[in-house]
Protein chains: 2
Amino acid sequence: MDLADESGIDSVTMRELGRRLGVEAASLYNHVAGKDDLLNGMADLAAAEIELPSSDADWKAAMRRRAVSARGVFLQHRWAAGLMDSREWSGPYSLSYADRVLGALIQAGFSPGIASWAFIVLDSYIYGFERQRSNFSQTDDADTLEVARDVLAAIPQGTHPSLAAVAMEYADKPYDEAAAFEFGLDLILDGLERWLAADSPTRP
Amino acid sequence: MDLADESGIDSVTMRELGRRLGVEAASLYNHVAGKDDLLNGMADLAAAEIELPSSDADWKAAMRRRAVSARGVFLQHRWAAGLMDSREWSGPYSLSYADRVLGALIQAGFSPGIASWAFIVLDSYIYGFERQRSNFSQTDDADTLEVARDVLAAIPQGTHPSLAAVAMEYADKPYDEAAAFEFGLDLILDGLERWLAADSPTRP
DNA sequence: ACCTGAACACCGTTCAAGT
DNA sequence: ACCTGAACACCGTTCAAGT
């Protein structure tokens with residue numbers, strides 16, 4: 001994970017990892033079934049760093065904290081989102097994570113079926129946002145101005161007026177990533193809350 | 001794209017693609033700058049298959065059709081979502097796509113800034129859902145029952161009660177993927193509509 | 001029980017040489 | 001203008017051999 005943090009996930013190679021551990025690549029196979037096993041383990045350990053929802057009565061605040069915490073983990077481990085959502089979440093931490101999230105939703109009044117939908121919808125958004133994010137600000141933060149200028153330059157003159165308008169919007173003021181994330185997060189959470197309020201009276 | 005559809009994205013290799021085209025791998029470099037260029041082109045051509053929003057007055061229906069259309073493209077090209085959200089969307093079709101979506105949102109009354117947020121939120125969800133989906137039903141449809149049984153088997157006895165409850169829920173009735181997708185999609189679209197209704201009177 | 005060295009079957013990419 | 005053959009520097013993985 002240190003190696004991936006520092007040099008990117010592509011540099012996580014059996015040979016490079018061995019070099020870092022002072023060992024030959026072949027030796028790693030005494031500790032890991034293969035590279036897939038290694039990456040699964042990394043994904044699970046990243047999942048372990050996401051704050052589990054407390055069993056508060058306030059499910060919405062708990063889900064919100066969890067989502068913001070996940071985004072924080074993705075910021076620290078930029079490889080994590082891509083790894084976690086492209087392989088099976090069968091590690092022990094991932095299982096606990098899923099259980100606690102589902103538990104909080106069920107306790108809030110969602111049926112198991114709807115709770116699983118809510119879980120999928122929230123995580124689709126959380127992971128999806130990170131992967132989109134990593135497209136245009138993969139380097140560091142606050143280089144959105146350059147991106148905006150690049151987009152403007154890439155647009156054939158006169159075409160794509162709406163895209164140009166948006167790029168212009170960001171040409172002078174920076175893009176607030178956290179605000180964008182929470183905008184969508186609250187859309188989903190508010191929608192779930194309204195769904196719960198409308199539905200729970202009919203089936204208690 | 002045919003090769004990726006049939007044998008998976010991992011089998012898209014310069015050598016394998018050359019073999020399919022009756023040519024050596026090295027010859028491909030006369031037509032493509034490198035493998036990255038090739039994958040970018042594939043992502044852009046997949047984007048071209050997504051139905052563009054018509055310039056109807058009904059932005060919500062247009063966004064909904066677009067999202068469902070994207071999901072259809074992802075079902076046909078299972079490699080598309082992973083490719084499209086992990087590289088820059090600088091191809092001509094991707095640019096047109098972004099312009100049309102932003103245009104529909106701006107015309108609906110969203111400011112350029114909020115329109116870009118709405119675009120990011122919707123696409124985060126659409127791509128994110130597909131990538132989660134491809135985790136447990138990567139083979140075909142309707143094998144959710146096996147997955148549920150596997151999850152149940154993987155859980156240490158007694159622990160993870162909520163996860164077990166959800167798995168039990170799906171052990172006898174199949175998981176309706178389209179319904180789950182549209183559940184979350186409508187949460188977001190309804191939220192955007194409400195946001196628009198609350199906001200637009202104040203700044204017309 | 002763990003490590004090494006060498007090998008195998010693969011990659012993406014380059015480049016002189018052909019036509 | 002396009003293709004080929006050979007090479008280069010890399011991969012993940014296996015396995016006999018060591019300690």
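Some notes on this structure:
- Looking at the stretch B:1-69, the helices (runs of 4 or more DSSP H) lying wholly inside it that each contain 2 or more residues that are in contact (Cβ under 8 Å) with a residue 40 or more places away in the chain, more than 16 Å from DNA strand D (Cβ to nearest atom) and within 14 Å of chain A (Cβ to nearest Cβ) sit at B:35-48.
- Condition met for B:Ala104 (closer than 23 Å to B:Leu45 by Cα, at pLDDT 95 or above and hydrophobic (A, V, I, L, M, F, W, C)): yes
- Scanning the stretch B:22-39 for residues that are closer than 18 Å to B:Asp2 by Cβ and exposed (fewer than 13 other Cβ atoms within 10 Å of the Cβ) turns up B:Gly22, B:His31.
- Count - residues of the stretch B:28-77 that are within 16 Å of DNA strand C (Cβ to nearest atom) and under 26 Å from B:Ala179 (Cβ atoms): 0
- Failed condition for A:Ser96, given (1) within 18 Å of A:Gly8 (Cα to Cα); (2) part of a helix (DSSP H, G or I); (3) within 11 Å of chain B (Cβ to nearest Cβ): (1)
- Any hit, the stretch A:90-97, residues being more than 16 Å from DNA strand C (Cβ to nearest atom) and within 19 Å of A:Tyr125 (Cβ to Cβ): yes
- Boolean, A:Arg131 is within 19 Å of A:Ala81 (Cα to Cα), part of a helix (DSSP H, G or I), in contact (Cβ under 8 Å) with a residue 12 or more places away in the chain and under 18 Å from the mean Cα position of the chain (by Cα): yes
- Within the stretch A:148-203, being more than 9 Å from chain B (Cβ to nearest Cβ) and among the β-branched types (Val, Ile, Thr) holds for one residue alone: A:Thr202.
- For the stretch A:75-101, a residue qualifies if it is at pLDDT below 90, under 20 Å from B:Met168 (Cβ atoms) and basic (Lys, Arg), but none of them does.
The values are calculated or read from the model by the stated rules, or taken from the named source; none is laboratory data. Bear in mind that the values here come from a model prediction, so they are computed numbers and not experimental data. Neighbour counts run over all protein chains shown; Cβ positions are idealised from the backbone, glycine included.
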